[in-house]
2 protein chains.
Amino acid sequence: MKKTGIAVIGYGGMGNWHTRKIAGIEELELCGIYDISEDRCKVAAENGIYAYPTMDALLNDPRVELVTVAIPNQLHREACIQVMAAGKNVVCEKPVALNHKQLQDMIDASKQYGVLFTVHQNRRWDEDYRTVRHMYEKGTLGPVFRIESRVHGSRGIPGDWRNQPEYGGGMVLDWGVHLLDQIMQMIPNKLTSISATLSYVTNERCDDGFTVTLQFEKGPTVIVEVGTSNFINLPRWYMLGENGSAVIEHFAQDGKIVMVSDWEKRDAVPVVTAAGLTKTMAPRTKETIQEYPLPKQTADVRDFYRNVAKAIRGEEPQLITHAELMRVMLLMEAIFEAAEENKVITDFEDRVSEVIR
Amino acid sequence: MKKTGIAVIGYGGMGNWHTRKIAGIEELELCGIYDISEDRCKVAAENGIYAYPTMDALLNDPRVELVTVAIPNQLHREACIQVMAAGKNVVCEKPVALNHKQLQDMIDASKQYGVLFTVHQNRRWDEDYRTVRHMYEKGTLGPVFRIESRVHGSRGIPGDWRNQPEYGGGMVLDWGVHLLDQIMQMIPNKLTSISATLSYVTNERCDDGFTVTLQFEKGPTVIVEVGTSNFINLPRWYMLGENGSAVIEHFAQDGKIVMVSDWEKRDAVPVVTAAGLTKTMAPRTKETIQEYPLPKQTADVRDFYRNVAKAIRGEEPQLITHAELMRVMLLMEAIFEAAEENKVITDFEDRVSEVIR
């Protein structure tokens with residue numbers, strides 16, 4: 001098998017991660033990296049990776065068929081278009097762009113130059129997500145009416161580009177882009193309603209957290225939430241079906257399913273609280289429910305690059321499509337609008353239709 | 001001390017509860033009950049409680065100064081006004097009425113007949129609530145920016161009046177009236193924004209759950225949620241302050257506080273997830289956080305009736321005021337409107353001002 005030559009532009013945290021992943025993928029051969037920082041180029045050399053002296057040197061290397069762009073967000077458009085103009089296929093890091101116009105320019109360039117263009121939405125391969133999606137698609141819990149996807153941390157936003165809007169900072173763009181993409185992948189139904197609140201606990205200029213409520217046509221209500229001032233975490237996933245509930249506590253997939261096993265036995269024993277009693281909220285007795293382990297799914301994030309290599313050769317369709325990328329970008333814009341103007345957005349699908357033709 | 005004579009109209013689940021509570025309150029003397037059901041009157045007699053043969057007999061008993069009305073919700077207005085017209089003070093069960101106009105009629109009657117009128121908002125004495133309120137008011141967690149109050153059960157709505165809107169069914173009126181009252185008591189700030197979704201998992205005619213988002217001026221964002229198809233519960237309370245977080249799992253107050261103890265030590269160790277790594281969401285190490293037990297508060301729900309007895313004698317102001325009742329009733333109406341019309345309500349305080357003069 002001929003390997004696809006790949007180079008990485010930007011050798012920061014994620015650029016470094018890419019080179020290490022690429023090393024384990026049979027379909028790819030790492031030709032080298034380019035970074036504007038000489039120090040980072042030295043680190044690459046120390047790691048046994050060739051550092052191109054200039055961007056042009058990288059673009060002029062005929063062995064390079066594919067370029068991963070892992071530089072600051074606000075530079076994605078310019079760099080990706082430059083790479084595509086040189087006839088190279090492109091994987092861009094997320095968030096792909098700061099707004100949907102920038103993304104449209106990149107998609108247009110892909111068509112103009114006849115090259116592949118996609119984005120590293122790697123969290124489609126998160127195993128916790130795969131497990132939730134498996135349960136959703138199998139109907140494990142019966143018809144699902146609510147899904148809650150949360151990521152909680154307590155470090156605020158790191159004091160780098162992540163707290164500056166010009167650089168595409170903020171948690172909607174940083175983590176929302178993953179969590180929203182996961183939900184949009186899982187639920188193909190029309191999105192009928194979007195509301196959102198943003199938090200500014202440790203920052204004034206960028207959202208350091210958000211809570212988004214999505215309503216899908218004939219589908220579930222979905223909460224997507226990120227918090228960075230949460231010293232106690234709520235579960236990563238919480239899913240409610242008509243016949244049972246599921247929880248996944250962490251990325252590591254510790255959690256459980258609880259299903260009803262006897263609808264008929266109305267064995268409510270009232271709960272005595274300090275100030276009263278309740279029958280509606282009485283816990284079920286063991287005889288009417290059954291606990292199950294999660295149907296844990298595995299995934300290999302290297303399948304992302306394997307697909308890109310095969311898509312370049314025309315052997316497989318591109319997994320992460322332009323339409324999907326645009327849909328998530330428009331959703332993030334709608335979230336900012338809903339939060340800033342404190343309103344519910346109900347014309348999302350019309351907005352999508354106007355942009356994706 | 002002269003005891004205040006009290007009678008209870010309606011000897012169902014809550015009427016029964018009232019007679020038992022009253023028995024333990026020194027300031028009160030139970031004169032008897034009245035119920036339209038002969039069977040229930042027999043049960044009362046078996047429990048050693050006098051059952052008036054007619055409503056008039058109860059109202060004509062000069063020993064009765066105070067009447068607790070614990071009959072179906074849709075009958076509250078008529079019964080309470082009848083009792084007040086007879087010169088008796090009234091405690092009404094919750095929800096006090098089906099809408100704010102009914103409540104206004106009751107408040108007007110209280111003024112017209114010069115008697116006390118209040119509502120059994122007993123969950124102000126829930127100990128879990130008292131503990132949260134204590135932390136909020138003491139600033140235990142630093143400035144609080146988010147509070148989440150949830151009650152989750154898995155029995156759907158009981159198949160009685162609770163699933164019929166004509167009888168004041170649904171979870172907003174049944175549980176929301178408590179949870180919203182707790183929040184409105186705790187946070188005196190202006191309420192600037194209300195959004196809400198209702199669920200209809202086991203019912204078509206009444207909401208069997210809801211999620212409400214409230215934003216207070218210069219105050220926290222508050223989530224109030226009830227679910228009745230939740231086989232796994234999220235915590236009863238979740239509160240986020242700038243310096244720490246608190247969780248209370250159940251009514252029984254099992255939970256904890258986690259506070260930051262070292263802001264400076266930026267000791268993030270990236271979390272490796274299946275498909276990537278994250279520094280923002282890396283858990284803190286033990287050296288930078290400290291866990292504390294909850295400052296558990298106790299409360300005695302009998303203080304509700306003690307206050308009513310003293311308020312009748314002019315010794316104390318009435319704890320649960322007409323303005324508070326009206327505010328919560330208008331909030332519940334706003335929640336129905338926000339959910340049904342799928343919009344954010346931002347003129348709540350104007351609505352309150354129009355009604356409460």
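Please give me the summed charge of the neighbours of B:His322: other residues whose Cβ is under 11 Å from its Cβ, Lys and Arg +1, Asp and Glu -1.
Details: positive: B:Lys111, B:Arg327; negative: B:Asp108, B:Glu324.
With Lys, Arg at +1 and Asp, Glu at -1, the net is 0.
Quick one: pull the percent of accessible area on chain A belonging to carbon and sulfur, 1.4 Å probe, ligands and nucleic acids left out. Each step should come with its number before you reach the end.
On the way: 7030 of 14610 Å².
That fraction is 48 percent.
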Kindly sort B:Phe304, B:Phe336 by accessible area of their heavy atoms, largest first, with the probe set to 1.4 Å.
B:Phe336, B:Phe304
How much length would be gained if the chain were fully extended between A:Lys2 and A:Glu26, taking 0.36 nm per residue of separation minus their Cα-Cα distance, in nm to one decimal?
7.7 nm
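My understanding is that a pair violates if its Cα-Cα distance is over 32 Å; which of A:Lys94/A:Lys218; A:Lys296/A:Lys343; A:Lys279/B:Lys296; A:Lys88/A:Lys296; A:Lys256/B:Lys296 do that in this structure?
Working: A:Lys94/A:Lys218 30 Å; A:Lys296/A:Lys343 38 Å; A:Lys279/B:Lys296 25 Å; A:Lys88/A:Lys296 38 Å; A:Lys256/B:Lys296 30 Å.
Long pairs (Cα-Cα over 32 Å): A:Lys296/A:Lys343; A:Lys88/A:Lys296.
Work out, step by step, the length gained on full extension between A:His134 and A:Asp39: first 0.36 nm times the residue separation, then minus their alpha carbon distance; give nm to one decimal. Don't skip to the end; give the middle numbers.
Numbers: separation 95, 0.36 × 95 = 34.20 nm, distance 4.43 nm.
Net length gain for the segment: 29.8 nm.
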How far apart, in nanometres, would the label points at A:Ala85 and B:Arg306 be if each is projected 7 angstrom from Cα along the Cα-to-Cβ direction?
8.1 nm
Nonlocal amide H pairs with B:Ala51, under 5 Å, H built at 1.01 Å
B:Ile33
Between rounded, prolate and oblate, where does segment B:150-271 land on the alpha carbon gyration tensor, with a ≥ b ≥ c its root eigenvalues, rounded for a/c under 1.5, else prolate if a/b exceeds b/c?
prolate
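With a Förster radius of 25 Å, plug the Cβ-Cβ distance of A:Thr298 and A:Glu217 into 1/(1 + (r/R0)^6) and report the FRET value to the nearest 0.05. Write out the running numbers ahead of the final one.
Working: r = 32 Å, r/R0 = 1.28.
Computed FRET efficiency for A:Thr298 and A:Glu217: 0.20.
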For segment A:95-110, in order, what is each residue's ³J(HN,Hα) by Karplus, 6.51 cos²θ - 1.76 cosθ + 1.60 with θ = phi - 60°, in whole Hz (x at glycine and Pro)?
x, 4, 7, 8, 7, 6, 5, 4, 4, 4, 4, 5, 5, 4, 4, 4
Is the shape of segment B:88-163 best called rounded, prolate or oblate, per the rule: a/c under 1.5 gives rounded, else a/b larger than b/c gives prolate, else oblate, with a ≥ b ≥ c the square roots of the Cα gyration tensor eigenvalues?
oblate
Can you work out the FRET efficiency for the pair A:Asp56 and B:Ser261, with r the C-beta to C-beta distance and R0 = 51 Å, to the nearest 0.05?
0.50
Considering chain A, what Rg and Dmax in Å follow from its alpha-carbon atoms?
22.8, 76
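Using mean Cβ contacts within 10 Å as the protection proxy, how do B:315-321, B:186-192 order, highest first? All intermediate terms of the calculation are to be shown ahead of the outcome.
Values: B:315-321: 14.1, B:186-192: 15.9.
Taking the mean over residues of other Cβ atoms within 10 Å, the ranking is B:186-192, B:315-321.
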Given only helices, namely DSSP H runs of n ≥ 4 each adding -39500 (n - 2.57), what is the per-residue ellipticity at 222 nm of chain A, to the nearest 500 deg cm²/dmol?
-9000 deg cm²/dmol
Please compute the net charge surrounding B:Val352, taking Lys and Arg as +1 and Asp and Glu as -1 over other residues with Cβ under 12 Å from its Cβ.
-2
At B:Asp300, with labels set 7 Å past Cα in the Cβ direction, how many nm apart are the copies from this one, shortest first?
6.9
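For peptide B:121-130, compute the average count of partner chain beta-carbon atoms within 10 Å of each residue's beta-carbon.
On the way: counts 1, 4, 5, 1, 4, 4, 3, 3, 3, 2.
For peptide B:121-130, the averaged partner shielding equals 3.
In the protein assembly as shown, what percentage of the DSSP-assigned beta bridges are antiparallel, given to the nearest 5? Don't jump to the answer; show the numbers that get you there.
Numbers: 76 of 127 bridges.
Around 60 percent antiparallel, to the nearest 5.
Evaluate 2.2 N^0.38 Å with N set to the residue count of the protein assembly as shown, then give the Cα radius of gyration divided by it. Could you put the intermediate results ahead of the total?
Details: Rg = 30.0 Å, N = 714, 2.2 N^0.38 = 26.7 Å.
Dividing the Cα radius of gyration by 2.2 N^0.38 Å gives 1.12.
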Using a 1.4 Å probe, how large is the accessible area of A:Asp254, given in Å² and rounded to the nearest 10?
60 Å²
Extend 7 Å from the Cα of A:Leu75 along its Cα-to-C-beta direction; within segment A:37-64, residues with backbone N under 11 Å of that point are A:37-38, A:55
Scan around A:Asp254 for amide H atoms under 5 Å from its own, H built in the peptide plane at 1.01 Å from N, and keep only partners 5 or more places away or cross-chain.
A:Glu249
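Is segment A:8-60 rounded, prolate or oblate when judged by the Cα gyration tensor, a ≥ b ≥ c being the square roots of its eigenvalues, rounded requiring a/c under 1.5 and prolate requiring a/b larger than b/c?
Details: a/c = 1.86, a/b = 1.30, b/c = 1.42.
Judged from the Cα gyration tensor, segment A:8-60 comes out oblate (a/c at least 1.5, b/c at or above a/b).
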According to a simple spin-label model (label point 7 Å from Cα along Cα-to-Cβ), what is the distance in nm between B:Thr202 and A:Lys111?
5.2 nm
Inter-site label distance for A:Asn189 and A:Ser353 at 7 Å from Cα along Cβ, in nm
1.9 nm
For the pair B and A, how large is the buried accessible area, both sides, in square angstrom to the nearest 100, if the probe is 1.4 Å?
5500 Å²
Tell me which lysines have Cα within less than 21 Å of A:Lys101's Cα, excluding those fewer than 8 residues away on the same chain?
A:Lys111
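With 18 Å as the cut-off, how large is the P(r) tail for segment B:4-107, expressed as percent of Cα-Cα pairs? Could you put the intermediate results ahead of the total?
Numbers: 2288 of 5356 pairs.
Across segment B:4-107, Cα pairs with separations above 18 Å total 43 percent.
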Inter-copy label distances at A:Pro62, 7 Å along the Cα→beta-carbon direction, one decimal in nm, shortest first?
11.6
Which whole number gives the average, over all residues in A:146-155, of C-beta atoms from other chains lying within 10 Å of the residue C-beta?
5
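Taking N as the number of residues in segment A:155-205, what is its Cα Rg relative to 2.2 N^0.38 Å?
Values: Rg = 13.3 Å, N = 51, 2.2 N^0.38 = 9.8 Å.
After normalising by residue count via 2.2 N^0.38 Å, the value is 1.36.
The values are calculated or read from the model by the stated rules, or taken from the named source; none is laboratory data. These figures come from a predicted structure and were not determined experimentally. Neighbour counts are summed over all protein chains in view; Cβ atoms, including those assigned to glycine, are modelled from backbone coordinates with ideal geometry. Quick note on the areas: whole protein, heavy atoms, side chains included, nothing else; ligands and nucleic acids left out. Shrake-Rupley method; radii C 1.70, N 1.55, O 1.52, S 1.80 Å.
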